[in-house]
Amino acid sequence: GEIAKYIYGMAESGDKEVEVGDEGTADGISEGTGDFLQLLAQRMGLLSMREEAPAERLLEEVSLKGVADYIQSKCRNVIVMTGAGISTAAGIPDFRSPGTGLYDNLQKYDLPSPQSVFDIGYFKTNPEPFFMLAKELYPSNFKPTKCHYFIRLLAEKGKLLRHYTQNVDTLERVAGIPGEKLVEAHGSFNVGHCVGCRKEFTQEWIKDEVFADRIPHCDGCDALVKPDIVFFGEPLPDRFAILSMQDLPQCDMLIVMGTSLTVQPFASLAGRVPKTTPRLLINRDVAGQVTMTLAIAECR
C-alpha cells in the first residue's frame, strides 16, 4: 500500500541506520543488561520474583514490511518524532553533522560559541547574527520532503495521533499536515512575538523586515520581535507538556526519523511509550539516549 511504499522509500533515501524495536527484549535494552537490572530490582524489593508472562509480539515480522503491515492493519495512534534529518533533503542543513552542519558553519558571524545564535540572552544584546541566519534559512526558500508527505499520509489515513517535531522550518505545515496533529516542540517561524510586551506579529511581517535587512522591532514598545522559536534559556511550549502526557500512553506505533535523540526533554519521549509499543528508527547515525533493539538493516 501507500504506507509501505513511503516507509521503504524513506529507508532507502540515504539514512544509514534503520532499526525496528519490538518486545524481543525487555524494555528495549539488551538481554544481558535487562536480566541484571531485573535481578537488581528484585533484590531491592522493587519487583516480585514471580515471572511475568512474555508480551504478545505485535509485528508479524521484525522488518520494514512487518512495520508497514502492522500500521495498515492495526494502528490508530501512531506517533512520529522528527528532527533536522528529515529536512536535509530539502536543502536545510542539520545542526551537528561535521563539515555540513549548521554549528560547523557559523564562523562568519563571529559568535562566542555556535550555540550563541540561539541563546536568548545573546539575542537580546546582539540580534543581528540570528536574523542574518534566518534570512538564509527562511521556510519559504524550501519545499517538503517525502518524510513530510509520509506523515501527512498517516494523518489522511486516520493513523496519526500526533507528530512531534524539533524542526522550526514549518515544512510540516507546507506539506499539509493538520495543525491539530502537530506539536512543534522547539517552536517555529509560523508566528512571532515582541520580547517586551508580547504583541503578536505575523510570519509575513517578520519575513518582510528580515528580507529588507532590518532588525524587527515592535511598533508598540520598540523592543525586539522574535519568531516563536524556542531559544536556549526559554521554556518549551505548554502544548508539548500537555499533549505528550495525553498522547504517549495511547501510542501503538512510534516512528523516529532524522534525530540523534540527544536534546532533552524531546529525546525522552521515545522512552515514555508503553513497553509493548513497536518502535521504528530511521536515522543516519546511531541515536543517543534511547536504545532501540534489533537492528535489521543498514542502508548505504
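Report the full-extension gain for the segment ARG214 to LEU58: residue separation times 0.36 nm, less the Cα-Cα distance, to one decimal in nm. Walk me through the numbers before you get to the answer.
Numbers: separation 156, 0.36 × 156 = 56.16 nm, distance 5.51 nm.
Extra length from ARG214 to LEU58 when fully extended: 50.7 nm.
Binning at 5 Å from 0, report for region 206-259 what percent of all alpha-carbon pair distances ends up in each bin.
With a bin width of 5 Å, the distribution comes to 4, 13, 13, 15, 16, 11, 10, 9, 7, 2.
Over region 167-211, what lengths in whole Å, largest first, do the semi-axes of the equivalent ellipsoid take, defined as the square roots of 5 times the eigenvalues of the alpha-carbon gyration tensor?
Equivalent-ellipsoid dimensions as semi-axes: 21, 13, 9 Å.
How many nm separate the modelled label positions at LEU236 and GLU204, each set 7 Å beyond the Cα in the direction of the Cβ?
3.2 nm
What nm distance separates the two modelled labels at TYR149 and ASP110, each placed 7 Å from Cα along Cα→Cβ?
Calculated label separation equals 4.5 nm.
Over the alpha carbons of region 133-191, what is the largest minus smallest coordinate on each principal axis, giving the biggest first in Å?
37, 20, 15
Once you wrap a convex hull around the alpha carbon atoms of region 178-277, what is its projected area averaged over all directions, in nm²?
Averaged projected hull area, Cα only: 8.1 nm².
Using the charge dipole of region 127-192 (Lys, Arg: +1 at Cβ; Asp, Glu: -1 at Cβ; taken about the Cα centre), state which of PHE130, PHE142, LEU182 has its Cα farthest towards the positive end.
It is LEU182, whose Cα lies furthest towards the positive end.
Any idea how far the Cα center of region 106-175 sits from the one of region 258-288, in Å?
When both Cα centres are located, 19 Å separates them.
Do the alpha carbons of any pairs in LYS157/LYS199; LYS65/LYS157; LYS5/LYS159 sit beyond 27 Å of each other, and which pairs?
Check vs 27 Å cut-off fails for LYS157/LYS199.
Quick note: the coordinates plus some simple rules give every number you see, no bench work behind them. Small disclaimer: the values here were computed from a predicted structure and weren't measured. All Cβ positions, even for glycine, are placed from backbone atoms using ideal geometry, and neighbour counts span all protein chains on display.
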